[in-house]
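Presented below is the structure to which this report refers.
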Amino acid sequence: MKCLVVYCHPVPESFAAALRDASVATLKERGWDVQVIDLYAEKFDPVLSTEERHNMEHAPTDPKLAPHIESLRWAQAILFVYPTWWYGLPAMLKGWLDRVWWTDVAFKLPPDGRIVSLLSHIDHVGVITTCGTSWWISALIGQPGRKTILRGIRALCAWRTRTMFLAMYEMDNSTPQGRAAFLEKVKRKVARW
C-alpha cells in the first residue's frame, strides 16, 4: 500500500508533528510505502493565482506543483494531519487542495457537467487532527473540515473508500497524559486502517 501523508502545521515541535510521526511509523511497520508532504517546511504557496483560475479547465502548469501532483497520482491512501482552526482546515492546507486537486489531476469536467474522478486508485482517506474546542461545539458548528475531506475529497476517490477520522478535542486544555493516550489511540487506529 502506498500512502501520502499531507502534514500541515507551522511549528516543527508541535503535537501535530508527534501525531504525524506516530502515524508514519505505524504505517511503515505495516509494510506500507509512505511519502510525507510537509507544507510549511517546504513553504508551499497556497495562493491560487489569477492565471491559474483563468486556466482551470487544464492541469496546473506551475512546476512547483508537479511533485505534489505526482505524489497524488502515486498514492493509494491519503492521510491528512493538521490542526483544526476556526472549525476547519488551515489556510495552507485549503490552498493545497485548491491548487493541486485540480482539473486533469483529481477530476475531469466533461461538457455534460458531471464530474469524473481521476483518483479512483485512492481507496483510503484519513484525517488526524486536533481541535481547541469540545466535540459538541465542533458538532454544533457542523465540522466543516471533516466534511471537506471525508465527503468532498472522498467523493473523488474509489467507490468504497475506507475512511478514518481521529480528533483530539479540547487540545488547548489537554494534559500530557491525555496527549499520550491520544497518541496510542492513533497508533491503534492507523494500524487497523
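Read the figures in this text as sums done on the coordinates, not as results from a lab. Predicted model, so just to flag it, every value in this text is computed and none were measured. Here Cβ is always computed from backbone atoms with ideal geometry, including for glycine, and neighbour counts include all displayed protein chains.
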Next on the checklist: With +1 on the Cβ of every Lys and Arg and -1 on the Cβ of every Asp and Glu, and nothing else charged, how large is the dipole of the chain about its Cα centre, in debye rounded to the nearest 20?
Outcome noted: 820 debye
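Hey, which of these cross-link pairs are over 27 Å Cα-Cα: LYS64/LYS185; LYS43/LYS189; LYS2/LYS187?
Numbers: LYS64/LYS185 35 Å; LYS43/LYS189 30 Å; LYS2/LYS187 18 Å.
Result: LYS64/LYS185; LYS43/LYS189 exceed 27 Å.
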Checklist outcome for this item: Bridge orientation stat for the chain from DSSP, antiparallel percent rounded to 5, came to 10 percent
Next on the checklist: Cross-link candidates for LYS28: which aspartates and glutamates have Cα within less than 17 Å, leaving aside residues fewer than 8 places away along the same chain?
Outcome noted: GLU184
Checklist entry - In what order do VAL36, VAL6, VAL105, VAL47 fall by count of nearby beta-carbon atoms within 10 Å, going from fewest to most? => result VAL47, VAL36, VAL105, VAL6
Item to check | Amide H contacts of HIS9 (H built 1.01 Å from N, under 5 Å, at least 5 apart or other chain) | outcome: LEU39, TYR40
Checklist entry - Tell me, ASP172, ASP21 in order of fewest to most beta-carbon neighbours within 10 Å? => result ASP172, ASP21
Checklist outcome for this item: Mean separation of Cα contacts under 8 Å (at least 6 apart) over the residue count of the range 78-190, i.e. the relative contact order in percent, is 31 percent
Checklist entry - What number, rounded to the nearest 500 deg cm²/dmol, is the helix-based mean residue ellipticity at 222 nm of the chain, given -39500 (n - 2.57) per DSSP H run of at least four residues and division by all its residues? => result -10000 deg cm²/dmol
Checklist outcome for this item: The long-range amide H neighbours of PHE80, using H built 1.01 Å from N in the peptide plane and a cut-off of under 5 Å, are VAL6, GLY126, VAL127, ILE128
Checklist outcome for this item: Tilt, helix 15-29 to longest principal axis of the chain (alpha-carbon atoms), in degrees rounded to tens, equals 80 degrees
Checklist outcome for this item: Once phi for every residue in the range 122-138 is put through the Karplus expression 6.51 cos²θ - 1.76 cosθ + 1.60 (θ = phi - 60°), the whole-Hz ³J(HN,Hα) values, with Gly and Pro written as x, are 8, 10, 9, 10, x, 9, 10, 9, 10, 10, x, 9, 7, 4, 5, 5, 4
Next on the checklist: Using amide H atoms built in the peptide plane, which far-off residues or other-chain residues are under 5 Å from VAL34 H to H?
Outcome noted: CYS3
Checklist outcome for this item: Once normalised by the length of the range 2-192, the mean sequence separation of its alpha carbon contacts under 8 Å that are 6 or more apart gives a contact order in percent of 25 percent
Next on the checklist: Please arrange ARG151, ARG160 by how many other C-beta atoms lie within 10 Å of their C-beta, fewest to most.
Outcome noted: ARG160, ARG151
Item to check | Whole-Hz couplings from phi, Karplus 6.51/-1.76/1.60, listed for the range 86-99; x for Gly and Pro | outcome: 6, 6, x, 6, x, 4, 4, 5, 4, x, 5, 4, 4, 9
